[in-house]
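So the structure is just underneath, and the comments pick up after that.
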Amino acid sequence: MRLLKNVIANIVGKLWSFISIYLFIPIYIKVLGIESYGIIAFYTVLQTFLTFVDIGLTATLNREFAKEVGDTTYKIELLRTFEYIYLGLAGLIYCGTFIFAPQIAAEFLESDTIAPSDVVQYVRLMGLTIGCNIFVYLYQGGLIGLQRQVTANILLVAFNAIKTGLVILPLWFWSNLYTFFFWRLGCTFLFCWVIRHYLRSYLIFADVKPNFAHLKRLWRYTAGMILMSVIYAANTQIDKLAVGELFSLTYFSYYFLAVTVGQAVLMLVTPLSMAFLPELTRLFSIPDISGAKQLYHKFAFLVTAFAAGVSIMLFFYAEPFITIWQHDEQISKAITPMACLFILSFFFLSIQIAPYNLALANGYVRTNVIMGLLTVALLWPGIYWFVGWFGLIGAAMPRLILSAIFTLILGYIIIKRYLRGQFSRWLFQDTLLPIAITILTALPLYYIFRMLPQGYWTIMYGLIICGISFLANGCVFLKLYSNLDLKQLMNSKR
């Protein structure tokens, strides 16, 4: 049951990524301080911006590897071609960060305790690590496209454990950011070599040369994905850059922590997308529209149900969860209002995953590009306007408004294009129904639990609310799809 195994593997991989982030951030703050953590957070922002081209090429490789092609020589040549392109990209990334590091440090990393010269060197180490890390994304995309998602996630879990967990040991003796970034650089280089070895073994790698002629056929899709990646980077990071420019590193750290809480929703839903997209691509390429329709509706229902359960749990217990997480009431009170807004924002973004992947499965990116451009155009002035009126929390408001509006627009356009007549079913059965079930299940439990002891007990209460909402939605899901041959669909071979 390849699809089921892929779903489980992706859930385990993302779950560990999720756990590692939330487990080690408080330790980083305790060992290094809140301002040093702000620099680590900025590294994440910079990495998102500088790997936008990589995301587009990786998506192309993933899609091509997912297709049924008799001769594997094409896939090998395509991989080699992308490797040569990535060498140039890595060089550009490092040279750019090396040259502009002083300007980046002065503009976005205002610190009261860290020397400006050290901040400049940290930025240069970021660029070197990011240049190496784009190859990791490439090889991981290849493994996922080949439906080797179990292998990809085992490697990812091991990599994250070493990269984010074991770094605490050297930090305990040399508690500075040089230790952190040199450790991350070494781990990235090692993992890049290991994951490339596994990908080559699955392709029965031959000694072939790159063939840039393949790009002539793929350039439209690749260019669209690159453009979408640029827009995605701007959409997800523009608010952080604005906060970094307008506020100190301490407030930037608070804001980034609030985003991290909200991102939990999207991080826990993404494994479903990673598992279903290759199969959805395969069904449309055959073509098997009936099978694709069935798979899409199941996928959309599961995504909404899962996102709704996680979102309502985090929304109800945001402040106690953050206090338990950070062991600091000051940080908790500072970031809880923003975190609640981000939980809602990422819930709407999670719902967009289904129509977004429907477009990608058909190689269509125009609508995503247009909506992304509109979001950037509206988000930037919106952030500055709301910040002027509401302060730091204002930076989170326009994202929530735009996410809610564009969810409906994206769903309508994409579903009308590829699954004509299915929009109402997606909106009411796959989206509003699991949301309603989750709310009706969670609200009574929440008010009952309010009468009980709080503190660490809230973790159990939240998990119970989330679990029962999953169970209720699962029962409805099985009822809705009882007439489908799920066994045949889950056992579909490439």
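The values are calculated or read from the model by the stated rules, or taken from the named source; none is laboratory data. Note that the coordinates shown come from a computational prediction; the quantities given were computed from them, not determined experimentally. Note: ideal-geometry Cβ built from the backbone for every residue, glycine included; neighbour counts use all protein chains shown. Ligands, DNA and RNA are stripped out before the accessible areas are found, and what is left, the full protein with its side chains, is counted by its heavy atoms. Shrake-Rupley method; radii C 1.70, N 1.55, O 1.52, S 1.80 Å.
General observations
- Magnitude of the charge dipole, the range 265-415, Cβ model with Lys/Arg +1 and Asp/Glu -1, debye to 20: 380 debye
- FRET efficiency for the residue 427 to residue 289 pair, using the beta carbon distance and R₀ = 25 Å, is estimated at 0.80.
- Dipole-positive endmost among 438, 296, 95 within the chain (Cβ charges, Cα centre): 296
- Kyte-Doolittle mean at least 1.6, axial Cα span of 18 Å or more - DSSP H helices of the chain: 433-449, 457-480
- In this structure, residue 447 and residue 200 have a Cβ-Cβ separation that, at R0 = 51 Å, corresponds to a calculated FRET efficiency of about 0.35.
- Cα gyration tensor shape for the range 165-204, rounded if a/c is under 1.5, else prolate or oblate: prolate
- With every protein chain in place, the chain: carbon and sulfur % of accessible area (1.4 Å): 69 percent
- Lys/Arg +1, Asp/Glu -1 at C-beta; the chain dipole; positive extreme among 16, 411, 85: 411
- Accessible heavy-atom area order of 426, 385, highest first, probe of 1.4 Å: 385, 426
- Cα shape, the range 267-387, gyration tensor, a/c 1.5 rule: oblate
- Mean residue ellipticity at 222 nm, helices only, the chain: -28500 deg cm²/dmol; runs of at least 4 DSSP H residues each add -39,500 (n - 2.57), and the sum is divided by the number of residues.
- Accessible surface, the chain, averaged per residue in Å² (probe 1.4 Å): 43 Å²
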